[in-house]
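Below: one structure, written as structure tokens.
Values quoted throughout were computed directly from the atomic coordinates according to the rules given, and no laboratory measurement underlies them. As the structure is a prediction and not an experimental result, all values here were calculated from the model. Cβ placement follows ideal geometry from the backbone for every residue including glycine, while neighbour counts extend to all protein chains displayed.
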Ligand SMILES: [Zn+2]
């Protein structure tokens, strides 16, 4: 067991605990016949954190690419001769609206991190525009501009990270224990409905911020 307990897990978004799907016998109830059967790991796919994608499990429930059980999360029954489907690379809903998408997927810290960053960014831009002028010492100007640029880059970086990891999180949430029989295509289609809420909402908020700047804040000297 040493090789498993000392294994370090890479940086990840915490999905509902699902790494122990096959820690004991995984029982699956057929939704049509109500017959209970033991789920065979090799009949399933999981999300491998090391591979960063969906992989088939072997009979010991490990990733077929040699990664341990702990690295593979969730389970979906997929016929042995069928290749694991590929998740879309980038989730635009999670990128544009981490607070909304995150809350809907159990990732509440997304909002706790991103909302203060957005507000802080707004203040930083205001400081850069209004508080710093030709009369400000060069060093102060450099500090304000550098902080603003770093904040913009950091915020975009974090949003991009959410966008890149979101599909894996959503998949693990849907196929957490192998009992979901929802077809993969339907899962993707259903998830993409968040795009229609999150993308317009982002631009609405951005528009609101721009309007506030334009109509309520004093003109830039
Ligand atoms: Zn793997």
Seminar exercise, completed: Binned at 5 Å from zero, the C-alpha pair distances of region 165-221 give percents of 4, 15, 17, 15, 10, 9, 8, 7, 7, 5, 3, 1, 0
Problem set entry | Residues 97, 199, sorted so that the one with the fewest Cβ neighbours within 10 Å comes first | 199, 97
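Could you tell me the calculated FRET efficiency between residue 42 and residue 182, based on Cβ-Cβ distance and R0 = 30 angstrom, to the nearest 0.05?
Details: r = 21 Å, r/R0 = 0.71.
E(calc), rounded to 0.05, equals 0.90.
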For this session: Using a Förster distance of 25 angstrom, determine the FRET efficiency expected from the C-beta separation of residue 67 and residue 158, and round it to 0.05.
Result: 0.40
Exercise. Plugging the Kirkwood radius over Cα pairs into Stokes-Einstein for region 79-149, at a temperature of 10 °C and a viscosity of 1.306 mPa s, what D comes out in µm²/s?
Worked result: 103
Seminar exercise, completed: Log entry: pair-distance distribution for region 92-215, C-alpha pairs binned every 10 Å from zero, whole % per bin is 12, 35, 27, 15, 8, 3, 0
